[in-house]
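Some notes on the structure that comes next.
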Amino acid sequence: MSAIKIIKASNTIITMDPAKPRAEAVAFDSETGVILAVGDFKDLCTKFPDVHTDDVTTVKVLMPGFIDPHNHPVSSGATTQPPAYWIAPYVTRETNGKKEYPYKTWPLVEDFFRTINGDEKIPHDQPLIFNGLDRMLQGAPELRRDTLDNYFPDRPVLVLDNSGHAAYFNTKLIEGNPDTFPDKKPIGNPTGGSFGTYTAEDQKDDNKLVVGESNGRAYETPAIMSVLNKAQLGLAIPNALRSAALWYALMAKNGITMTSEHTYGANMLEYYVALAKAPHSPLRVGLYHMSTDTSGEPGDKLEYPSDSPGLEARLWKQGIKLWADGSPWVGNLAASFPYQDSKTVNDAQIPRDPGGTKNLNYTPAQLDAILDKYVWMGWQFAFHCNGDVALDVVLDAYQRALVRYGRLGTDHRWRVEHCGACRGDQFARAAGLGIMISLPPFQFIYWGDLLDGEIFSPEIGSQWVRAGDAVRAGARVSFHNDGSVSPPKPLLNIQMMVTRRPTSPKGKVHGPEQAVTLHDALMAHTMNAAYHLRRDHDLGSITVGKLADFVALSDDPYNVHPEFISELEVNGTWSNGKRIDPDAFVSNFPDDSTSPTKPHPHLAVFRRCC
Ligand SMILES: [Zn+2]
Ligand SMILES: [Zn+2]
């Protein structure tokens, strides 16, 4: 066996390298992971005569591995993989070869709650975590402690809103965490978060409710993170490392070879190191350190454990993460336009007025201070902003900082994240400042039919996720799934940004002018995403000298009807020249509470984003 391997494509290799867009075969060194040659199979065999037939793998179509440049793998694993329950409306289950949506509506979720509560096999003291409640898509009310008590009278339960911006919990959970809820009353609101309490109004409706006690609601990460205490968390998520490994495997099975952690805190390092070092580790991960992290200094360089040399190519700190506003699904995005007066919006109990600047997390002066702290260190910034008002404020702050530090026109690659409601003129301004735009096709995919006229006016809603405008503005655009807000599905993102038809194949096309070409959509999950993570020099295309991260597909996306791109099968991935077995990777982290690889549980697993 030679260290040199060849992959031959029976159909084609799509290299994403403009100098040589198509090829038949690629040769690479499986020890160093470096691509040695790209071209015709015969020529490669002549060039590398020692390569034996055992060293040749044949696939149908090969591409550079997909890149999801904005994700949250550790928290996604903890909140979607067993023993947590993923109850998002788009979660699918195969029954007798038929695809079903077991949590599509609130009544189905209610049935599931009752089934789980009646399951004798689940220990009664184990807090249960349900993640993915979506008030708009499922038609669910805003849950409260007393409503949850109806389903779960005697075991602690936490329900996480799909947006990541709200959580709901019952009386048993409150009683089990007197640190946060002494006498069942929240200790006070942490910076950037808040707890709900029963009001006199609530008591008028139900005289058993006590004014000032927790009503079982928490908003934003700082509050959500303290709903469970350490003991409860340890019972609820006994092996967060295995949960994360399951999420890595899910990403790999969807063709992804590189991603990010967009809510990194220093106390997550042991997780990411363990995941990066394990055999068959499928992902390279760039870390964006939250500016609000209290477990370590966000500006510090990553300290690699001394027993783990050479991890830098698989795990590195890429930048600093900030949040400008909230989410369109719970009503706290900073936008210039109102919600519709519709059944969907009213049933979800979302305030209709335009959030505007009152939904901003920072004042301009606070933004300047944060940027001042890190610009000189050379870090890239990544700024969550959903609303158009938020993007204006962020671009203003970016512009001031770029001028202040003489960095206009330099290769800074500062990013803005999501921008679902943002406009073409804003993208043109961003592109002019050299700002990278990472868009959320999932907002269009899962909410698109409702956005257009039901959640927002058609003028706003049909245009949601203006990929066409962003590409025309000359910005380098990437796409992301922002796990666990949506499942990692690059092929679905690509399809939807090409077709603009969320309900395929017969539904309505929303904002056809915001569609992009297949080439631009593929770029958004390969070269452009690599560029955003500052890995375009060694990843993102199949090019001699770059690293061998690949995905094999069942067909050429250019040869199938765009409505069926997401039906293509992922036939495997390679990371640094090694074929990945996702299940073998998961088996490194046995489902066993005595596993020596298991770090102590901590609250970092609840950090999400959008
Ligand atoms: Zn995020
Ligand atoms: Zn976000």
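The values are calculated or read from the model by the stated rules, or taken from the named source; none is laboratory data. Please read all numbers here as calculations on a predicted model, not as lab measurements. In this analysis, Cβ positions are derived from the backbone assuming ideal geometry, glycine residues included, and neighbour counts consider all displayed protein chains. Note: areas computed on protein heavy atoms with side chains; ligands, DNA, RNA excluded. Shrake-Rupley method; radii C 1.70, N 1.55, O 1.52, S 1.80 Å.
Side notes on the structure shown:
- Residue within the range 94-109 that is at pLDDT 95 or above, of a type outside the set (Ser, Thr, Tyr) and under 22 Å from Ala249 (Cβ atoms) present: yes
- Any hit, the range 203-221, residues being in contact (Cβ under 8 Å) with a residue 40 or more places away in the chain and within 16 Å of ligand 1 (Cβ to nearest atom): yes
For (1) surrounded by fewer than 19 Cβ atoms within 10 Å (Cβ to Cβ); (2) within 33 Å of the chain's Cα centre (by Cα), each residue gets a yes or a no:
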{"site": "Thr15", "(1), (2)": "no, yes"}
{"site": "Ser30", "(1), (2)": "yes, yes"}
{"site": "Gly33", "(1), (2)": "yes, yes"}
{"site": "Gly39", "(1), (2)": "yes, no"}
{"site": "Asp50", "(1), (2)": "yes, no"}
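- Among the residues making up the range 339-348, those that are of a type in the set (D, E, K, R) and part of a helix (DSSP H, G or I) are Lys343, Asp347.
- Complete set of residues in the range 431-449 that are within 13 Å of Ser163 (Cα to Cα) and open to solvent by 10 Å² or more (accessible area, probe 1.4 Å): Tyr446
- Annotation: of all residues in the range 254-300 being among the charged types (D, E, K, R) and either in the same structural domain as Val375 (by TED's automatic domain parsing) or more than 16 Å from ligand 1 (Cβ to nearest atom) (or both), the one that is surrounded by the most Cβ atoms within 10 Å (Cβ to Cβ) is Arg284.
- The strands (runs of 3 or more DSSP E) found entirely in the range 66-115 that carry 2 or more residues being closer than 30 Å to Arg284 by Cβ and within 20 Å of the chain's Cα centre (by Cα) are 66-68.
- Among the residues making up the range 520-530, a single one is in contact with a Pro (Cβ under 9 Å, 6 or more places away or on another chain) and either open to solvent by 30 Å² or more (accessible area, probe 1.4 Å) or modelled with pLDDT under 95 (or both): Met527.
- Condition check for Lys104: touching a Lys or Arg at 6+ places or on another chain (Cβ under 8 Å) and open to solvent by 60 Å² or more (accessible area, probe 1.4 Å): no
- In the range 492-512, the residues that are closer than 25 Å to Asp556 by Cβ and without any contact (Cβ under 8 Å) to a residue 24 or more places away in the chain reach residues that are open to solvent by 10 Å² or more (accessible area, probe 1.4 Å) and assigned to a loop (DSSP other than H, G, I, E, B) with C-beta atoms within less than 6 angstrom, at least six apart or across chains, in these pairs: Val509/Arg501.
- Check on Gln463, part of a loop (DSSP other than H, G, I, E, B), modelled with pLDDT of 95 or more, open to solvent by less than 50 Å² (accessible area, probe 1.4 Å) and under 20 Å from Ile494 (Cβ atoms): yes
- Any hit, the range 393-405, residues being within 25 Å of Gly299 (Cα to Cα), within 16 Å of ligand 2 (Cβ to nearest atom) and surrounded by 14 or more Cβ atoms within 10 Å (Cβ to Cβ): yes
- The conditions of being modelled with pLDDT of 95 or more, assigned to a loop (DSSP other than H, G, I, E, B) and either among the charged types (D, E, K, R) or more than 16 Å from ligand 1 (Cβ to nearest atom) (or both) are met by Ser336.
- Listed here are the helices (runs of 4 or more DSSP H) enclosed by the range 142-210 that have at least 1 residues being open to solvent by 40 Å² or more (accessible area, probe 1.4 Å) and of a type in the set (A, V, I, L, M): 200-205.
- Condition check for Val59: β-branched (Val, Ile, Thr), assigned to a loop (DSSP other than H, G, I, E, B) and in contact (Cβ under 8 Å) with a residue 60 or more places away in the chain: no
- Pairs where the first residue, in the range 549-565, is over 19 Å from Met527 (Cα atoms) and of a type in the set (Gly, Ala, Ser) and the second is at pLDDT 95 or above and open to solvent by less than 10 Å² (accessible area, probe 1.4 Å), C-beta under 8 Å, 6+ apart: Ser554/Val61
- Long-range neighbours under 8 Å by Cβ, at least six apart or interchain, first residue among the acidic types (Asp, Glu) within the range 568-590, second surrounded by fewer than 22 Cβ atoms within 10 Å (Cβ to Cβ): Glu569/Ser554; Asp581/His280
- Considering residues of the range 400-429 that are in contact with an Asp or Glu (Cβ under 6 Å, 6 or more places away or on another chain) and under 21 Å from Lys321 (Cα atoms) only, the residue farthest from ligand 1 (Cβ to nearest atom): Phe427
- Any hit, the range 475-490, residues being under 21 Å from Gly424 (Cα atoms) and either out of contact with any Ser or Thr (no Cβ under 8 Å at 6 or more places or on another chain) or at pLDDT below 95 (or both): yes
- Residues that are open to solvent by less than 50 Å² (accessible area, probe 1.4 Å) and not in a strand (DSSP E or B), drawn from the range 17-28: Asp17
- Of Asp396, Asp372, all but one fail to be touching a Pro at 6+ places or on another chain (Cβ under 9 Å) and assigned to a helix (DSSP H, G or I); the exception is Asp396.
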